[in-house]
Amino acid sequence: MVGISGHAGAAMAFAILLAGCGHGSDAKNESEMTTMEITTAEVVSGTPTATDVNGNGTPDADPADQDWPGTMTVVLEDATSPEAVRGREFMEGNNLLQQLADDINQTLKLPYDITLKASECGEPNDYWSTSERSITMCYEDATNALDVFTKLGDADPEQSAFDTEMEAFYHESGHMVVNIYDLPATGRKEDVADQASTYLLLRPVDGKIDAASINAVKNTARLYKDSSEERGEVDDSALADAHTPDRARMYNFECWAYGADPDQAADLVTDGLLPEDRAEGCQDEYEKLAHAWDTLLGPYLRT
């Protein structure tokens, strides 16, 4: 069974309110609710953010003074299509969702219960729902990752797929935390999510970043490289998409891995995967990224 190692299991990711992400620029939003509709739904349902976690209608000044009763729980729904069945078997066989939920429960203070759901979606995708207070991981997304890494000839495609499914989960957790903690986020929402997922995947343990965490970020970059090659030329629709084009996301993940630990990720430069002129600024880029998320997440971490 594949498992979470080091701070590859202390990771989350960040963006805005609600989105369907998947791995690739063609991933679609699962919900058609606009930001205004989401806000209205929250007002109607009385869903508090973490700034009003006690539900009294006024912001609570200090997170340390708040109650944090929430727990993330896991639900695996039925699968019928061959793609969904395969993805469900992968998730269930590796106990993927329970490991991820356990990590969130050990890492984050949650204001209310949140469901981590595995579901048949009809496409490779993953998404956070504000109104349902849930993260959905689609079986087809896991199957797509298994297919990609099998095609690429990985010795252990399940491990590679586990890595990228883990990153996808923390990306969606980012949509969740910006919502429930009412965090400020600048920049394009999906770029913010990519940055924060990498940051939390690469959090040091005893002052050192776990090699498995570096590999998880590298495998995410490889997945985006394959998606970019499958998609072909970048056109206006890709440039206008909420997601940065896959090839650029690949270079971003490589840069952040290298910036976080140039020794463990040195092969990205020596093998010619990350251009030297980008690599020169990656340590500074990553340090700024890490400082920002240290500041934003600090009050809500259990550890």
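Every number in this text was worked out from the coordinates using simple rules, so none of it is lab data. For clarity, every value in this text was computed on a predicted model and none was experimentally measured. Neighbour counts run over all protein chains shown; Cβ positions are idealised from the backbone, glycine included.
At-a-glance table
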| item | result |
| --- | --- |
| Three principal axis lengths of the stretch 135-181 [C-alpha, angstrom, descending] | 41, 16, 11 |
| Charge dipole magnitude, Cβ of K and R +1, D and E -1 - the stretch 96-255, Cα centre, debye nearest 20 | 580 debye |
| Calculated FRET efficiency for the pair ASP147/SER237, C-beta based, R₀ 22 Å, to 0.05 | 0.35 |
| Candidate lysines - alpha carbon under 23 Å from LYS151, same-chain residues fewer than 8 apart omitted | LYS218, LYS225 |
| ASN105/SER81 FRET efficiency (R0 35 Å; Cβ-Cβ; nearest 0.05) | 0.65 |
| Potential lengthening between TYR112 and GLU229 on full extension [0.36 nm per residue; Cα-Cα distance subtracted] | 38.0 nm |
| Under 5 Å, built H, 5+ apart or other chain: amide partners of LEU273 | none |
| Residues with amide H under 5 Å from that of GLY70, placed H, sequence gap 5 or more | LEU110, TYR112 |
| Kirkwood Rh, Cα atoms: Rg over Rh of the stretch 189-292 | 0.97 |
| J(HN,Hα) series, the stretch 191-204, from Karplus relation 6.51 cos²θ - 1.76 cosθ + 1.60, nearest Hz, glycine and proline x | 5, 4, 5, 4, 5, 6, 4, 5, 4, 7, 5, 9, 5, x |
| Cα gyration tensor shape for the stretch 128-278, rounded if a/c is under 1.5, else prolate or oblate | rounded |
| Cα-based convex hull volume of the stretch 68-128 per residue, rounded to whole Å³ | 77 Å³ |
| Computed P(r) (all Cα pairs; the stretch 166-236; 10 Å bins; percent) | 17, 41, 33, 9, 1 |
| ³J(HN,Hα) computed for each position of the stretch 88-104 - Karplus, 6.51 cos²θ - 1.76 cosθ + 1.60, integer Hz, glycine/proline x | 5, 4, 5, 4, 5, x, 9, 6, 4, 5, 5, 4, 5, 5, 4, 5, 4 |
| Simple label model, 7 Å out from Cα along Cβ direction - ASP294 to MET1, nm | 3.5 nm |
